[in-house]
1. Hey, could you grab the Kirkwood Rh for the stretch B:1-165? Inverse mean 1/r over distinct alpha carbon pairs, Å, one decimal.
2. Counting other C-beta atoms within 10 Å, which of B:614, B:415, B:309 has the fewest, and how do the rest follow?
3. Which of A:5, B:172, B:474, B:556 has the fewest other C-beta atoms within 10 Å, and how do the rest follow up to the most?
4. Within 10 Å of each Cβ of B:63-70, how many other protein chain Cβ atoms are there on average?
5. Over all residues in B:159-169, what is the mean tally of Cβ atoms on other chains that come within 10 Å of each residue's Cβ?
6. Give, as ranges by residue number, the residues of the stretch B:528-552 whose backbone N falls under 18 Å from the point 7 Å along Cα→Cβ of residue B:568.
7. Using the alpha-carbon centroid of each, what span in Å lies between the stretch B:1-76 and the stretch B:221-266?
8. Based on DSSP H runs of at least 4 residues, each adding -39500 (n - 2.57), what is the mean residue ellipticity at 222 nm of the protein assembly as shown after dividing by all its residues, to the nearest 500 deg cm²/dmol?
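Quick note: the coordinates plus some simple rules give every number you see, no bench work behind them. Just so it is clear, the structure is predicted and the values come from calculations on it, not from any experiment. All Cβ positions, even for glycine, are placed from backbone atoms using ideal geometry, and neighbour counts span all protein chains on display.
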């Protein structure tokens, strides 16, 4: 091969690799993006059906109940405007507490209960998951009743 | 008083950095050797000043000086001394100080180990490092000063985040930073070469060991971070594709590509411009990683809003360093030249393909990490990119790279023949394919991904064996071991590092394919069975640590009626921050880990308990360690030691290789 041809081969291979990589990435991106919704958006039925998403807000005080197996828990996530009941089977993270911020990932069940596959609460006491803080801020901005336990500024 | 001394030392260090970053570079440009010779003493002086500052901060922590804001924010009078000292790098300000401190260590190392470099080159390298250090010192002194006073002084500190009160934390950040900052040397070499306009094989030979050392540290640092997440977070994962982890992984990918590209530049004089670009990339990503993790951008984009000055400084600094060096690259790279030609099927061709694949993988990680941040910053909605994205992208990109990794070392430079390679590798191929297909069935669970993982690991191992056998056949010598020992250390380094990767892949594959986990409610005396082991829960007891109270569970583990071990998982409550922490109990083993962590207390002394059986998980970190050992072997090669010793002698390869670059 002449050097010029060789260069074409290289450029061609490079472009091919780029194309394959972009295709993979875009494809994976499409199917793995997890969108975030607030309890208000859930109540307004703005959420996708049959596809996972995240909700965030506060764990309502006094809403946590545990079934007899010790693992299945029910609680309510609220943005102080709307409430979403959540069911989760598994061990909750250390920083999960009533009256604290939480983010849960899962799907909406047929009865309107959010079936969480994962509950996230992050690394330190004062930390509020940004999504949760955002949900509260949005609900507040739209004129919902404010609450004195509201922590809007994450750290 | 002591903190003020530290503060003052930092200001002086900044002054020295300004001198070091300007005069030697100017001197090198105009050929003034008096100006160039400033670089060495300046670098050493700066090291001493930053060391002084570092010791002052350490003293403030040791003496529990809660009139220093940073000390009050990250430690507490009940915190044991070793964690108080580790708290130096427990948050943003101190981490930056550690960063600069390590940068000055690298500078001093360069100043002592650069006797064989031309004067102008050394002046430029130390000058560029001085500029980097100037940026960081300026950042610290303007918006994040670790010595800031708190008046009136706090009565007691707010304590170190309990997650960080762990031996792993004491050593993980310094290791990681040694790696991050180590790439600044490669970066400085690259920028110096661009300034000087000469870039030859000798340049690659000089910067190679530095890059490899940094890469070794980074490998260990990333592995330790992963290990820390495994035993400290309490849910048994070892990699979450969390942005913080990605921030350390991206420089590693770039550094790995750089090592391989430098090998070509060193041996064949090729890939010059590409090596320079990778050096810039690796260091830029290190900077990005440092800032992403430590600035609070990641926990929330809004951290920018809480301290806009800090965020702005970071953005400007990143823009100047990355933008500036890329502009310099665009301007000067054409002078550097591309290097010798080679055929598509050749060792160069395969290394190039591997490099491209590594960079593509890097790009995909970068996209997945930054895209949610961008969307959020532009207020276009909140999304998260989950681990499945990274898994689905990473595996297909790395599979061909690892396949080529097996062939590359056997291929000839310049031009290789495919049929011949296929002949030489037919046994390796046959053995690995057969074993990869059969082994999972023997183990009782076949899935395509397990087979693929095993295939890749076996392919690496068998091709290494093939390569070794061929080389032994061509080496003269009497005894088998004599012939083994006669091969250069750099070759052994490659073999060991590649083998480490094979172990790593085996670990990942086995854990992903065969781990079992169970969340159960356990009453006192109740048993649960998992992976052939029986776990009996014997209840919990209260006990008190230095700065926490804990419930400690006792779990007896037996297998076929024989006692295996007793495990003590804990649930701790750190009193100062009133934060609960799960302390998992792990029984490690070569072939499996047993992992137990306490969930929540239920009625009658029962607990929810999380049990894991994780086969081969320690191979993941063992593999990384062996990769790093490979790096250490490679830099102990004779040719570098000779280069160290040879002082004023011109490196002969310089002129020879320079001629090859015409094409």
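1. Details: mean 1/r = 0.0608 Å⁻¹.
About 16.4 Å, per the Kirkwood formula over Cα pairs.
2. By the 10 Å Cβ count, ascending: B:309, B:415, B:614.
3. Numbers: A:5 10, B:172 24, B:474 7, B:556 15.
By the 10 Å Cβ count, ascending: B:474, A:5, B:556, B:172.
4. Numbers: counts 0, 0, 0, 0, 0, 0, 0, 0.
Rounded to a whole number, the mean comes out at 0.
5. Across B:159-169, the average partner-chain Cβ count within 10 Å equals 1.
6. So the set is B:536-552.
7. Computed from Cα coordinates, the inter-centre distance equals 30 Å.
8. -19500 deg cm²/dmol
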